[in-house]
Amino acid sequence: MAKFRQPIDERTAALVLGFLCALVHLVWAVVQFLGYQGLLAWGYALHGIALQMTFLPFDITSALMLVVLSFVGGFVFGYVSAFVWNWVVRRF
């Protein structure tokens, strides 16, 4: 079997992707907390998004929910992706 067709541990893939998503959104929350709205607007512009935005005051509850939900979403996506990968590797 070729090296790139090795099974992936679902739990490890889920944790790695979950922590990566949480880290990205934690950085986003810290930037918002520090008041760098120009940096946030620049991030949108990099993605080709031009919005008329009003930045809300920093709310720790919303920031924590953002980080936690990002982790959960990344965890689920990582687990499902690894599960499908392993199914394909075993099947074909």
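Bear in mind these aren't lab numbers, they're just calculated from the coordinates by the rules spelled out. What you see is a predicted model; the values in this text were computed from it and never measured. Glycine also receives a Cβ, built like all others from the backbone with ideal geometry; neighbour counts cover every protein chain displayed.
Can you give the percent of C-alpha pairs in the chain whose distance is more than 20 Å? Write out the running numbers ahead of the final one.
Values: 2210 of 4186 pairs.
Cα-Cα pairs in the chain separated by more than 20 Å: 53 percent.
Peptide packing for 51-58, 74-81 was compared via the average number of neighbouring C-beta atoms within 10 Å per residue; ordered from the highest value, the list is 74-81, 51-58. Working note: Karplus 6.51/-1.76/1.60 with θ = phi - 60° gives the stretch 71-79 the couplings 4, 4, x, x, 4, 5, 4, x, 5 Hz, where Gly and Pro are set to x.
Considering only the other residues whose Cβ falls under 13 Å of the Cβ of R5, what net charge follows from Lys and Arg at +1 and Asp and Glu at -1? That works out to +3.
Couplings 3J(HN,Hα) for the stretch 51-65, derived from phi with the Karplus relation 6.51 cos²θ - 1.76 cosθ + 1.60 (θ = phi - 60°), are 10, 7, 10, 10, 7, 6, x, 4, 10, 4, 5, 5, 5, 5, 4 Hz, where x marks Gly and Pro.
Taking every alpha-carbon pair under 8 Å whose residues sit at least 6 apart, the chain reaches a relative contact order of 59 percent.
Express in nm, to one decimal, how much length is gained between S81 and W42 on full extension, taking 0.36 nm for each residue of separation and deducting their alpha carbon distance. Don't skip to the end; give the middle numbers.
Numbers: separation 39, 0.36 × 39 = 14.04 nm, distance 3.12 nm.
Roughly 10.9 nm would be gained on extension.
Gain on full extension, evaluated as 0.36 nm per residue between V31 and V72 minus their Cα-Cα distance, stands at 12.6 nm. Relative to one another, the C-alpha centroids of the stretch 58-92 and the stretch 1-45 are positioned 10 Å apart.
Per-residue 3J(HN,Hα) values for the stretch 26-34, derived from phi via the Karplus relation 6.51 cos²θ - 1.76 cosθ + 1.60 with θ = phi - 60°, read 5, 4, 4, 5, 5, 4, 5, 4, 6 Hz in sequence order (x marks Gly and Pro). In this structure the amide hydrogen of F58, modeled in the peptide plane, comes within under 5 Å of no amide hydrogen from residues 5 or more places off or on another chain.
Amide H to amide H, with H built 1.01 Å from N, I8 comes under 5 Å of N86, counting only residues 5 or more places away or on other chains. Only helices enter this figure: runs of n ≥ 4 DSSP H residues, each worth -39500 (n - 2.57), summed and divided by the residues of the chain, yield -25500 deg cm²/dmol at 222 nm to the nearest 500.
The local environment of A82, defined by Cβ-Cβ distances under 13 Å, has a net charge of 0 under the rule Lys, Arg +1 and Asp, Glu -1.
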